Amino acid sequence: MSAYQSVPAAGGRLPLGRVRALARGQGVPIAAGTVVALVVLAAVFAPLLAPYDPNAVDPLAVSQGSSAAHWLGTDDTGRDILSRLLYGARPSLLAPALITLTAGLAGTALAVSAAWLGGWYDRVVSAFLDLVFGFPGLVLAVVGAAVFGAGLDIAVITLSLAYLPYIARVVRSAALRERALPYVSALGLLGLSGRRICLRHLLPNLLPLVLVQATTSFGYTMLDVAAFSFIGLGTQPPTAEWGLMVANGAPGIIAGQPEQSLYAGLVIVVFVIACNLLGSGLSRRLLGEDR
Amino acid sequence: MNHMETPLLAFEGLHITLPVRGEHRAVVHRVDLTVPAGGAVGLVGESGSGKSLTARSVLRLLPPGARVGGDVRFDGASVTAMDAASLRALRGSGAAMIFQDPRAHINPLRTIGDFLTEGLVTTRGQRQGAATARATDLLREVGIADAPRRLRQRPAELSGGLLQRVMIAAALIGEPRLLLADEPTTALDVTTQAEVMAVIDEAREQRGLAMLFITHDLALAAAVCDSIAVMYAGSVVEQLPAARLHDASCHPYTRALLAARPDPGTGARPLRAIEGRPLSASEAGPGCAFAPRCPAARDLCTTDRPLPERTGDGRTACHFPLLAGADDAAPGTERTVRHG
């Protein structure tokens, strides 16, 4: 299988030479990874980086353009847009991270157990995944909000469910292939239990695929979470969140002050694209295939 | 072979069918075969003759959907009726398998050391240190010099011959009583083949291991084993002591196989291929499966399936076994033959 043919880094003995060899032809994924890392760092160190309190209203500086005092301008209540973008990165990243983590863990567990056990359990799991796959994540989240009320926690729960098939379906089919490889039956001949074979051999060997799927899904879940907040069901004001900022700035677009919506939207687009490119870069690197 | 005591391994009318597009097709047909403790039996046949499945049935390592009739007994215990725990014990320390392609049978992402010690540590509760020491000893025994370094390497870093030695060490680590060797040398080059066979031979001798040796190399089987069983289309067509393979074989198929291989002792001669193609067990009609390709076939051969009958030193499933000297076989003595 191509997954096992990861070529060891060629190049010099110096660490620098090794890094260079690893990086060769990987410009796009490295740039994408840098963007993702920078955004994450910005979210973590928002209190240190932000020049203002994100919720500090300044009636004297409403709807201003870029200036030395407010690099990205201010919104309709005079809050600093840059500070709100930095603080807004926290819920905007945390919610998708939780969703991807939950869907990734539960999806992988379901997929590997279904592939290993087979039979009626596999059929039930597969049918369930197909059923969930039929609903767009956002629709499921809106239904959840209609039943349990608005809030980011509802988005996290419903979108975790909605993204389950994205991980589980792919991992299940890979686990079925892996399971049929001779080394798995040879492990059974060493007297190992099925559980141990699954946990210590199948799972680690499938991890690159899970990582790739999770990275790509992370971008999409961020888009869904932002959309959920945009329609007013997710993060509630005055908390800063990117999707909510796009919605808040919408009236200003007509008034000739597009800064808030523009910058928030730009950040979302750039981050989602970066996740996608990083995902396909990892896929090529770890799995040796384009997807 | 002493029939009074329980053989270590006994196939009793083993019958295996596999599902092919909805219907079950026979791939192994009523195989009766025994391997005595410490003895070596060679199972010889063409690809698709059912020899691998026969060996795999000992460890219940069959494709999904396979149905097994008859029985396989290991040391008297029925393998087909075993519960999961007994089966794991049998796999762990009763019988061990050496495969044709060692590279496919080791987790490529784990080290050789992990592969060798995992069974000892997890199923026998040995300490990692003790298990590693044992693995090191075994690697030395199978002729791997720098064992400690090899233990830290991954399968991709080892050659095919080295990996097959690792497989042999893995088979020996559970201290089994029976080795199932499924074409262990087929994927290796000729010099490595000889070395690997020597390693297996030595390990067997030291431990008094029994072996079921699967190959399509008649000469190799004859050199390594005490007795030979020739399989065709899922059935054992002839069984005889290895030493008498050349002068006492009387099944037309065995004769044809012997004639189809080069013999360095007799100088150049054209090799004789067997006409037609090998059948699978499910394609065989009511008669002898070899009848369509058999030069000596008569009407009875296409209507009645011959049963194994005692012929001199061995057992042959043939209505009209060839008497010694009737073909190009080495001179032998005249024997009386009972017809089935």
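The values are calculated or read from the model by the stated rules, or taken from the named source; none is laboratory data. This is a predicted model, so every value here is computed, not measured. For neighbour counting, all protein chains shown are included, and Cβ atoms are generated from backbone atoms with ideal geometry for every residue, glycine included.
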Tally, over the range A:104-149, of residues that are among the acidic types (D, E) and within 14 Å of chain B (Cβ to nearest Cβ): 1
Pairs with Cβ under 8 Å, 6+ apart, first in the range A:240-268 and more than 24 Å from A:G219 (Cβ to Cβ) and modelled with pLDDT of 85 or more, second of a type in the set (D, E) and in a helix (DSSP H, G or I): none
Residue match in the range B:150-167 (condition: of a type in the set (K, R) and either touching a strand residue (DSSP E or B) at 6+ places or on another chain (Cβ under 7 Å) or touching a residue at least 40 places away in the same chain (Cβ under 8 Å) (or both)): yes
Flag if A:V225 is over 30 Å from B:L163 (Cα atoms), in contact with a Pro (Cβ under 6 Å, 6 or more places away or on another chain) and not in a loop (DSSP other than H, G, I, E, B): yes
B:L188 vs. criteria without any contact (Cβ under 8 Å) to a residue 40 or more places away in the chain and not in a helix (DSSP H, G or I): yes
Residue in the range A:69-76 that is within 14 Å of chain B (Cβ to nearest Cβ) and over 16 Å from the mean Cα position of the chain (by Cα) present: no
Only one of B:T80, B:T123 that is at pLDDT below 90 and at the interface with chain A (Cβ under 9 Å from one of its Cβ atoms): B:T123
Qualifying residue in the range B:209-229 (condition: out of contact with any strand residue (DSSP E or B) (no Cβ under 6 Å at 6 or more places or on another chain), modelled with pLDDT of 85 or more and more than 30 Å from B:C318 (Cα to Cα)): no
Among residues of the range B:59-100, those that are closer than 21 Å to B:G38 by Cβ, aliphatic (A, V, I, L, M) and in contact with a Ser or Thr (Cβ under 6 Å, 6 or more places away or on another chain), counted: 1
Residue under evaluation A:Q257, criteria (1) assigned to a helix (DSSP H, G or I); (2) out of contact with any Cys (no Cβ under 7 Å at 6 or more places or on another chain); (3) away from chain B (no Cβ under 14 Å); (4) of a type outside the set (D, E), criterion not met: (1)
Residues satisfying the stated conditions in the range A:191-218, i.e. farther than 19 Å from A:F135 by Cβ, among the small types (G, A, S) and either part of a loop (DSSP other than H, G, I, E, B) or at pLDDT 90 or above (or both): A:G191, A:S193, A:A214
Hey, B:T111 among the polar types (S, T, N, Q) and in contact with a Lys or Arg (Cβ under 8 Å, 6 or more places away or on another chain) or not: yes
Some residue of the range B:84-95 being within 7 Å of chain A (Cβ to nearest Cβ), closer than 16 Å to B:L138 by Cα and not aromatic (F, W, Y): no
All positions within the range A:45-56 that are hydrophobic (A, V, I, L, M, F, W, C), assigned to a loop (DSSP other than H, G, I, E, B) and either on the phi > 0 side of the Ramachandran plot or surrounded by 14 or more Cβ atoms within 10 Å (Cβ to Cβ) (or both): A:A50
Residues within the range B:303-324 that are over 15 Å from B:A291 (Cα atoms) and in contact with a Leu (Cβ under 9 Å, 6 or more places away or on another chain), tallied: 5
Qualifying residue in the range B:159-171 (condition: surrounded by fewer than 19 Cβ atoms within 10 Å (Cβ to Cβ), in a helix (DSSP H, G or I) and not acidic (D, E)): yes
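Conditions (1) free of Cβ contacts under 8 Å to residues at least 40 places away in the same chain; (2) assigned to a loop (DSSP other than H, G, I, E, B); (3) surrounded by fewer than 20 Cβ atoms within 10 Å (Cβ to Cβ), marked per residue:
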site: B:H24; (1), (2), (3): no, no, yes
site: B:R30; (1), (2), (3): no, no, no
site: B:S57; (1), (2), (3): no, no, no
site: B:L62; (1), (2), (3): no, yes, yes
site: B:V68; (1), (2), (3): no, no, yes
site: B:L90; (1), (2), (3): yes, no, no
Among residues of the range A:143-156, those that are assigned to a helix (DSSP H, G or I) and buried (at least 18 other Cβ atoms within 10 Å of the Cβ), counted: 6
Any hit, the range A:127-138, residues being surrounded by 19 or more Cβ atoms within 10 Å (Cβ to Cβ), modelled with pLDDT under 90, touching a helix residue (DSSP H, G or I) at 6+ places or on another chain (Cβ under 9 Å) and more than 30 Å from A:P47 (Cα to Cα): yes
Among residues of the range A:59-82, those that are part of a loop (DSSP other than H, G, I, E, B) and farther than 14 Å from A:P238 by Cα, counted: 15
Filter result for the condition that a residue is within 28 Å of B:T186 (Cα to Cα), β-branched (V, I, T) and away from chain A (no Cβ under 14 Å), over B:I112, B:I144: B:I144
Subset tally (residues that are in a loop (DSSP other than H, G, I, E, B), buried (at least 18 other Cβ atoms within 10 Å of the Cβ) and more than 19 Å from the chain's Cα centre (by Cα)) for the range B:92-108: 2
Yes/no for A:I167 being more than 11 Å from chain B (Cβ to nearest Cβ), touching a residue at least 24 places away in the same chain (Cβ under 8 Å), under 21 Å from the mean Cα position of the chain (by Cα) and farther than 22 Å from A:C275 by Cα: no
